[in-house]
Amino acid sequence: MKLVARRFDTGRVCEFSLSDGRIESIRPLDSAQDEHLWIAPGFVDIQVNGYGGQEFSSADLTIDAIERIAAAYAAGGVTRFCPTLTTNSYEALEHGVRTIAVACRQSAQLARQIVGIHLEGPYLSPEDGPRGAHPAEHCRPPDWEEFARLQAAADGRIAIVTLSPEYAKAPAFIRLASSAGICVALGHLSATGQQIRAAVDAGARLSTHLGNGAHRLLRRHPNYLWDQLAEDRLWASLIVDGQHLPPEVVKTFVRAKGPERLVLVSDLSGLAGLPPGRYQSSGCELEVLADGRLVIAGQDQLLAGASRTIAEGVANIIEFADLNLPTAIGLATSQPCRLLELPPGRLQPGDTADLVLFDFSRRRIEVRATLLAGQAL
Ligand SMILES: [Zn+2]
């Protein structure tokens, strides 16, 4: 197969020859050639909860549902992702991680797409505000024995655990998880600067969706946002959907961390992609508004999850933080790979042809096609 498109990193129009699922060769074409289609490695989204009414956290998650969700992500340019399970009972979490592990055993394609499970909880703050929509009755202190049972049920596929460092047991848990190669992230927390420092000393490496999952009102300083922003050993993931963080906050976070310590995530809800209307989700009534926002039903201010794709996040962060296209794309491709020590997606001969083709105009990214190992979807 041959493709002609403009490289996201250099802007050069090239002809890409694909063979056996890989990029065989790349030939630069006449630079005067006009070409609107851009090409980049497929996006890697390390925080996604489901799609189209299917949730990874659902007590009746099935392999079919995982396949449908993965196909929807691929249509949005995401070729690799971390299915994210949120706070729940042990039984529900075990069902989720086990079903994902079985799906990866049965399908070589899913095993390539799912680069690790993200366990967001249950070791989060039970306080209203920080816990967000995570049910208080299931928020609990870190428990290594419980986690080890989940990791066994997951065939060792849990790659990220988001927890709050406010518990006395957190540093010991973080030390064990980090030495087992798991990326420990801080999130949904109500912690002091000292607790955050102790967590980072123990090996925590990431702030999950920094700026969200927090108290509605915070003391001006000190507080856990400054503590995480100023901690150079922490990377941050950001939801840049234009709703979860104001543009000024995104810009400030980008300046404080620098692109080399940032990752974009979509944090897509399981209700993303559904038409406007009211839906039941984990016992709550939620509403998809006409503008696509996902809120607690009956009002239009309290967000209940994210509904915009990571491609929209790339376009937004260019505008909000004055980033160029290669840097913004990197936040959704090479950066998550660096964080999780995955082989990076690159536009190089010999690399797997996991590719996204898109239009980029007026600060919008419109995904036109996605290739998984050279196969158009
Ligand atoms: Zn969250």
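Rounded to the nearest Å, what's the spacing between the alpha carbon centres of the stretch 156-184 and the stretch 264-308? Just the number, please.
29 Å
With a ≥ b ≥ c taken as the square roots of the eigenvalues of the C-alpha gyration tensor of the stretch 43-344, please select rounded if a/c is under 1.5 and otherwise prolate if a/b is larger than b/c or oblate if it is not?
Taking the square roots of the gyration eigenvalues as a ≥ b ≥ c, the stretch 43-344 is rounded.
Express in nm, to one decimal, how much length is gained between Leu218 and Glu366 on full extension, taking 0.36 nm for each residue of separation and deducting their alpha carbon distance.
Here the segment from Leu218 to Glu366 would lengthen by 49.5 nm.
Which of these, Arg220, Arg140, Arg175, has the largest mean-square fluctuation under a Gaussian network model of the chain (Cα springs below 10 Å)?
Maximum among the listed residues: Arg220.
Placing +1 on the Cβ of each Lys and Arg and -1 on the Cβ of each Asp and Glu in the stretch 15-127, which of Ala72, Gln106, Val44 has its Cα farthest towards the positive end of the resulting dipole?
In the stretch 15-127, that residue is Gln106.
For every helix of n ≥ 4 consecutive DSSP H residues, a contribution of -39,500 (n - 2.57) applies; sum these over the chain, divide by its total residues, and give [θ] at 222 nm rounded to the nearest 500 deg cm²/dmol.
Roughly -8500 deg cm²/dmol at 222 nm, from the helical runs in the chain.
Quick check: pseudo-label points 7 Å beyond the Cα along Cα→Cβ at Gln301 and Glu15, how many nm apart are they?
For Gln301 paired with Glu15, the spin-label model returns 5.9 nm.
I want the antiparallel fraction of DSSP beta bridges within the chain, as a percent rounded to 5.
60 percent
Leaving out ligands and nucleic acids, note down the accessible area per residue over the chain with a 1.4 angstrom probe, in whole Å².
Ligands and nucleic acids excluded, the figure is 42 Å² per residue.
On C-alpha positions alone, give me the angle between the axis of helix 170-179 and the longest principal axis of the chain, in degrees, nearest 10.
Helix 170-179 sits roughly 30 degrees off the main axis of the chain.
The values are calculated or read from the model by the stated rules, or taken from the named source; none is laboratory data. Quick caveat, the model's predicted, so the values are computed rather than measured. Cβ coordinates were reconstructed from backbone atoms using ideal geometry, including for glycine residues, and neighbour counts include every protein chain displayed. We work out accessible area using only protein heavy atoms, side chains counted, and drop any ligands, DNA or RNA first. Shrake-Rupley method; radii C 1.70, N 1.55, O 1.52, S 1.80 Å.
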